[in-house]
Structures are given as C-alpha cells and as structure tokens.
1. Treating region 420-549 as a set of equal point scatterers at the Cα positions, no solvent, please give the Debye-formula log₁₀ I(q)/I(0) at q = 0.10, 0.13, 0.18 Å⁻¹.
2. Among Val379, Pro157, Leu318, pick out the residue whose Cα is farthest towards the positive end of the charge dipole of the chain, where Lys and Arg carry +1 and Asp and Glu carry -1 on C-beta, about the Cα centre.
3. Enumerate the whole-percent occupancy of each 5 Å bin, from 0 to the last occupied one, for all C-alpha pair distances of region 184-271.
4. What value in Å³ per residue do you get for the convex hull of the alpha-carbon atoms in region 219-370?
5. Indicate the helices, whole DSSP H runs only, in the chain that combine a mean Kyte-Doolittle hydropathy of -0.5 or more with a Cα extent along their long axis of 30 angstrom or more.
6. Enumerate the whole-percent occupancy of each 5 Å bin, from 0 to the last occupied one, for all C-alpha pair distances of region 287-347.
7. Separation of region 489-566 and region 113-150 by C-alpha centroid, Å?
8. For region 373-442, what mean projected area does the convex hull of the alpha carbons give, in nm²?
Amino acid sequence: MGHVGIDQGEGNGNIPDRSSREWCAEALTRLNAGRPESALDAAGRAADLDPGAEWPYRLMSLAHERLGRDADAVLAAEQAAGLARGSWSARLRLAASLRRVPGRWCEAVEEAALARKFAPEEADPEVMAGDLALLTGEHAEAERRYRAALEIDPGHPQARVNLGLALLRWDRPRPHHDPAWPVDPRETGRARRALEVWSRQVRLLAAVATVAIAMGALLLDRGAEARLGGLAVLALLVPLTIRQVRRVGRWAYVPAMLSRDPWLGSSLVSAVVSVVAFAAWLLLAAVPSMPSALDPVWAGLAGLAVLGWPALAALRALAEAWRGRPLPALAETAKANERSARRNTGVTLWIVLGRTWSVLVPLLGGALAVEPRAAVVAVAVPYPLVRGYLRARHRDNGALLAAIALVVASAAACAAGGLLGSAWAWRAGLAALGAAAVVFAARGLRSWWRGAPGPWRASLIMCDLPMGAAPSVTLDAEVRQTFSYARSVVLSYGDGHGPRVAGAVASVTPSGELRLIAETAAWAAIEADPRVAVFATDPLQRRFWVEVRGIALADSDVLRVTPKQVSVGEFPGRHQRR
C-alpha cells in the first residue's frame, strides 16, 4: 500500500522537521475539514517517519474510508492492529472498516467485542456494538448498547441519534440483505430490484387491463374483443416474467431475502394474487350464462386485481407509522446537535403526525355514525404531537407546522361540532383533516421532485461519525529510561479473587509497547482480563516512579502491553498523568 506524494501547496505541507505525531495531528485536522486526500498525504508522511507507530495507519484507514476505498481502509486498519494488538482504538477502527466489506461482518463483530473488552470505560466501543446490532435489525440489543454508551458519556451524539433509530425500529436502506452474507450487497440489490420491477409491472398490467376490459364491455358493448385483449395481457406476462427471472441471478439468497424483508414478500404475493384474480375474473366473464350468485365473486376478483396494490400501500404506510416508539425516540434525537439528528427529528415528527391523523379519521367517522358528542375526545388526540414538536424545537420549512396546525384545528372544530351540533364546524374540521393529508402529499411530492429527503421513514439516517482516530499513548524519554534501568518491575493484574501483583522484567520496543516476562500464574488471569498496570522506579532518580496502565496480550513467551494511560511522579508527591 503506497503513499501518495505530499501536496506542497497544502499550508505547511513542505516543512521537513515535523514529527510523526505532528503529521498525525495535521492529518486529523484535514479529515475533520473534509479533505481526505490531503489527510492521506499527511498520514503517509507520519507513517514514513515512524513505521512502528499505529496512529498513522488508523488515520490512513479513515481517509481511505472517506474516499470509498473499503479494501484499502481494511488493509491500513489491519496494519494498525498488528502494530498495537492491545489498542482499543485500532480494534475499533478495524471493526468499522471490516463491516463495510462483504463476508467479513463476523470479524467486525469480533473486533468490536475486543475493543469493548480492552476499554470498557470508553463509550465508542459500546456505540460500535450498537451500530452493528442496529444494522442487522437487532433493535433491543442496539438500544441496550447505546444506553450503556450514554451512561459512560451522556453527551455522545452518535449514541443519541442511533438510539432514536433503535427506538423507532429503523430498517437500514437494504433491509433484504444480511451484512454477514459473503455476497456483495449490490448483487442482492439487483435481485431485489428485479423482483420489485416484476411485481410492479404485473400488478399495473392486471389493474389497467381489468379497468379497460370492464369499460369496453359495459360502455362500448365490446365484451368479446375486450376478453381477447385480456388473454393477450396474460400472454404478455410470460416473456415479462422470464426476463425478470433472468435478472435475479442470486436465487439461492431469495428465500432469506424474503424472510428479512417481509414487505418484499408481500409485494410478490400481491402480484401473484393479482394475476390469479385477473385470470379467474376473465374465466368467469367468459361463462355464457353466469349465475347471479357469482356476481359478488366476479366483482371481488376485479377488486383484487385493481385495488390490491393501493390497499397494500396503505397498509404499509399505516404499519410504518405505528412501528416503534417515536416519542421516546424524539426525546433522544432532539438532544443531539448533529445534522443527522435534525433530519431525523423532522421525519419522526411526520411519523407522529401520521399516527395522529390515523387515529382521528376512524374516531371522527365513528362519532358521526354513532354519537356526534363523542367527538369531544378528539381534542386530546393531538396532544402528544404538539408536545413533541415543542420539545424538539424543530425548524421545518413550514409544511410540518402547517400540517400540525390543521390537525389540531380539525380536532377542535369537530369536537365543537359534536358538542354544539354545528354542521359547519364538522365541515370545517373534516376539511382541515383532508387539507393536512394534502399538505403531506405536497411535501412528499416536492421532496420526490427535488430528490431530497421526504417526510417518511425511509429518510431516516444513521449517525456515522469517524471512529478510531484518537491519538495513541506514547512513552517519552523519561518513561523509557525508567523501564530500561529499573531493577524491579511490578505487574498488577486482577483475577476472580481480586487484585494480584507479580514481579516482572520489562523492556520497551521502538513502537512504544512494553515487553514483559512474568510468572506463568499471571497469564491465565490476564487472558481473562487483559487490563494490567506496570509499576517501575528509576534507580538513577530514586524519587521518580512510573505507572503504565494498558492491555496485555500473550505473544510467544512474553506479554505485550499496549499503553492506555501513563502516570509519572516523585516520592512523596502528587502523580502526573500523561
């Protein structure tokens, strides 16, 4: 994996006396400024100056990831993890890059688990575990992980935003694809598109043909010709089906795709039902003297062929509106100051609006049909919507506020109409309810026309901030000298009976890791809990001591300790943490 040349026009990019860590800091600055190519240059210079440091390779992995080079991002992350096997940041970076590569999802889960094991006091590993669970549809597990992260860091923006998605039971953009499959998601995506196109074409042809044949037979008295046209439509479905079957390709994954994406399966079943209903409708229409008792059956078959698609779409919209817990999700998302949070807040408010509207319609319809005075209950229905809007302090383009105002006015007007017996109040309330639906449709049409996020669940997005960019902990000259000349080194570790200490012999590698030779009794405990502390004093400065807390992993006959925290001090006196 080569490095591209340094951009001489990039600020101080041509200063030759920068250290490796200074170049890393510069690379991180450029990444945060949205310049991944330039950041890759700086990280490459840092790696050239200090090949044993792992921080430059983590930054290179982030830069490659931003540029869409997933394979290169994994290579750089693997190199960082190899240089510092006990670095939780390196493990986290490797997990973040592996999850984007087909067939390596299980490895990503293992690396994220190692990061949590190495740094249970950090929030990012918990967030990564939550992200992996959310992407596979394990919403309860994702919620648990995000809440654990927020207990560590209550202000973590990614945990807040993605917790809201877990509460909403959000499905990622490719719900049909299991990230653990070894197949490229683009291939299963092509299979899904072929199935969807076939379903849409079949249902549309069946609906249009049914309406056309009925009009031809009833209005133009051309029943025989119309039925022949229906047979031609059925014949047309054969080459259309064969064409889409050839495009599917990955048939081995189709059953699993249907189980992961029930709406895809419902769409296919609806298409088959439409064809069968259309064919049966044609067959009954061809009977010379059809009994009048079969008229409802004939009309029902026509209804299945024509109205199956709109009914399924309405059912899906209603199910998505009532899926998850949008009000708790709104409370979490509104606390994050992220672009994705603002977008998700708006979509969640539209979802709550849809719920409110779907409650008001049957409530007011039932009140009109049974007891008009029962419409007074409608006043309380918009309360959760108004409360959520005020708490979120969302700034929309006006369409959301207008729709909320119309729904509130509708509830109030219909309640007044029921109490006072005013027909005009009822008309105004129902008109406002219909106007709210028109506002939603107009907002959706505008978003579709502009290619912008719309007021629907599919517009929800994850917060995916860069992970694994934190600076590594280094051992300065004083610390290295202490371990080089120390006559005794103490290793502290824990087991099932509490803390333990053991004598050790230590050395420092050029990359900044400690190499320890310790008694074998400590190895089993360290394997279970690799968090250790290594204490040493400098015989050249008898009042000087060093404590290194880190992660110890077995490597042949030595323990490799990757530092997480370094404390130095003098006897007696306060220690200083580095």
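Coordinate-derived values only; no laboratory data. Here the structure is a predicted model, which means the values were calculated and not measured. FYI the Cβ positions are ideal-geometry reconstructions off the backbone, even for glycines, and counts take in every protein chain you see.
1. Debye curve over Cα of region 420-549, log10 I(q)/I(0) at q = 0.10, 0.13, 0.18 Å⁻¹: -0.55, -0.72, -1.03.
2. Checking the options against the dipole of the chain, the answer is Val379.
3. Calculated P(r), rounded to whole percents: 3, 14, 20, 19, 13, 10, 8, 6, 4, 2, 0.
4. On the way: hull volume 33.8 nm³, N = 152.
Cα convex hull per residue, to the nearest whole number: 222 Å³.
5. Working: long enough: 185-218 (49 Å, 0.29); 223-248 (38 Å, 0.88); 262-285 (34 Å, 1.87); 295-321 (36 Å, 1.10); 339-369 (46 Å, 0.62); 399-420 (31 Å, 2.31); 423-450 (40 Å, 0.61).
For the chain, where a helix must reach 30 Å along its axis and average at least -0.5, the hits are 185-218, 223-248, 262-285, 295-321, 339-369, 399-420, 423-450.
6. Answer for region 287-347: a P(r) of 3, 14, 13, 11, 10, 8, 8, 7, 6, 5, 5, 4, 3, 1, 0 percent.
7. Here the answer is 28 Å between Cα centres.
8. On the way: hull surface 18.2 nm².
Over all viewing directions, region 373-442 projects a mean Cα-hull area of 4.5 nm².
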